Amino acid sequence: MGLFDLFGKKKGLSPNTNVPPSFQGINGAVLQTYNTESYVKDGYLGNADVYAIVSFLARKSASIPWYVYSLNSGEKARTSLMRYKQLSRGIQAGQGAYEQAIMARKNAYSENIVMDGPLAKLLERPNPTQAQDQFLENLIGYHFLSGEGNIYGNTGLSSDGKVLEMFVLPTQFLDIYPDPNDLYGILGYKLMVDQSIDIAKDRVCQWKTWNPDFNSSTRSHLRGLSPLRAAYKTLRMSNAAADASAMMAYNGGAKGALTPKVVGSISAQPSMEQANLIKRKLNDDVNGVDNKGRIDVLQTPWDYLNFGLSSVDMELVKTMQMSMHQWCRVFGLPAVLFDTDTSSYNNYQNAMRDLVTNTIVPKLCQLRDELNAWLVPRYGENLYIDFDITALPEMQQDMERMTRSLRDANWLTFDEKRVAMNYSEKEGPYEYSYVNGGLVRLDQVGMDLTVPDGGNNSMDNGRDDMVNGDDSSSQDGVGEEMPN
């Protein structure tokens, strides 16, 4: 008997889900104004720039691994966890923020990853058809494209409410049942496919962006704001430029033409048959890679008219380049990553780090908080879901800076330094702090410690006196009794 048989559940999201009693008599409002035609078909599927940017952001964000950890006990751990949450959102603020976030994380929860628990297995394999990276790419892609990502948690018939599998809901088909008595309340969701599927509120995790479009009637402020809505004019301009460019390439025609050159006052007037013969001769004997390096002969002098690109066509190319830069600004992506004319290796590396610290990490921090609020309480109070920020190659510069700082931090034990570098504690001699034994006082740096030649060395004389038994202090004490 498997896990699904134990709970008696149906796999996936069934179209025959029963309508929750609280939804009866309530009209749902279609709040996602940018449907399939606007931001899926015309945006992601119809615009190469939008596709390139969103897929790049989704793949990069999904490449960061997620794990389940055990929280440490005590007030210090809770304080460190709150501090870590704030620091991890702002690691782009300046030098030292990354190092402080790592130290706070070490104090907040154990570095030993929970591997065998049901929550860890769910996070590793959210559903039978998707692994963790595929699931996250789907979820984060919807979030970047539509402004929100929604997760359906299938609890089956389990009484404890544990989620057995998770699916990403298509945002363009998700409706909301708003609470008529609460401007910010949501009673449930409706998936607008087939005959529609009603979903209880506690089975959906809504991860959305801030939406300033407040409307008490349609409750549009309860949905995330799609970047394509803010950049709708840019989308239309970009698609129009792409269509015009395609038509120009499709109907471009010949690149030039030959005209008879005027000799004196006489201009040749070839007939249609002669013009076709000349055109066939040019295509056979002049054009093509097979004629490279050959020398051909024309019977009469000719002039060449170069059609080339018109000024309108040149402006069209500039418009397409400008729209790409605008899309990068809309999605928070450095334009250097897609600008092959000016980008260099160093610029690319710096741009990738800016992308990670300014766009990807803040997004993942929001998702982390939503998962810990919606999913973790079903499995226990001492668990915590987090992404491994140290796995990002773009943060290696911060790790190198931390290594240099820890090397001179003699007030820390070796175990504390190992924990800061994401290594486990070894205890024993690593539990102590060590200082450099070669350090001397500053006022002794310029002292002359050389020994003069000859027998006048007081140290040598004193050593000889000790050997010969001539020490006065010892002689004075010989034969005397110690006082009682």
Please list, in chain and number order, the residues 5+ apart from Asp386 or on another chain whose amide H is under 5 Å from its amide H, with Hs placed from the backbone. Tyr67, Tyr69
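What order do you get for 117-125, 270-278 when each peptide is scored by the mean count of other beta carbon atoms within 10 Å, highest first?
Taking the mean over residues of other Cβ atoms within 10 Å, the ranking is 117-125, 270-278.
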With charges only on Cβ, +1 for K and R and -1 for D and E, what is the dipole size of region 256-306 about its Cα centre, in debye, rounded to 20? 60
With charges only on Cβ, +1 for K and R and -1 for D and E, what is the dipole size of region 68-217 about its Cα centre, in debye, rounded to 20? 620
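Over 26 Å between C-alpha atoms is what I'm after, so list which of Lys76/Lys201; Lys162/Lys208; Lys363/Lys426; Lys85/Lys208 land there. Walk me through the numbers before you get to the answer.
Values: Lys76/Lys201 34 Å; Lys162/Lys208 23 Å; Lys363/Lys426 35 Å; Lys85/Lys208 18 Å.
Those over the limit are Lys76/Lys201; Lys363/Lys426.
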Students often check this: by mean Cβ neighbours within 10 Å, which of 108-114, 85-91 ranks highest, and how do the rest follow? 85-91, 108-114
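What FRET efficiency comes out for Val193 versus Glu75 if R0 is 60 angstrom and r is the Cβ-Cβ distance? Round to the nearest 0.05. Each step should come with its number before you reach the end.
Working: r = 49 Å, r/R0 = 0.81.
According to the calculation, E is roughly 0.80.
Relative contact order, percent, of region 256-306 when contacts are C-alpha pairs under 8 Å separated by at least 6 residues? Intermediate results must be reported in sequence, preceding the final value.
Numbers: 32 pairs, mean separation 33.0, N = 51.
Reported relative contact order: 65 percent.
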Unit charges at the beta carbon, dipole of region 140-242: most positive-side option, Gly141, Tyr177, Leu157: Gly141
Go through region 362-367 residue by residue and turn each phi into a ³J(HN,Hα) via Karplus (6.51, -1.76, 1.60, θ = phi - 60°); whole Hz please, and just put x for glycine and proline. x, 5, 5, 5, 5, 5
Once you have a ≥ b ≥ c as the square roots of the Cα gyration tensor eigenvalues for region 256-306, tell me rounded if a/c is under 1.5, and otherwise prolate or oblate according to whether a/b is larger than b/c. prolate
Neighbouring Cβ atoms within 10 Å as the yardstick, rank Thr403, Thr357 fewest first. Thr403, Thr357
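Laboratory data are not the source of any read-out in this text; all were calculated from the coordinates shown. Keep in mind it's a predicted model, so treat the numbers as computed, not measured. Glycine also receives a Cβ, built like all others from the backbone with ideal geometry; neighbour counts cover every protein chain displayed.
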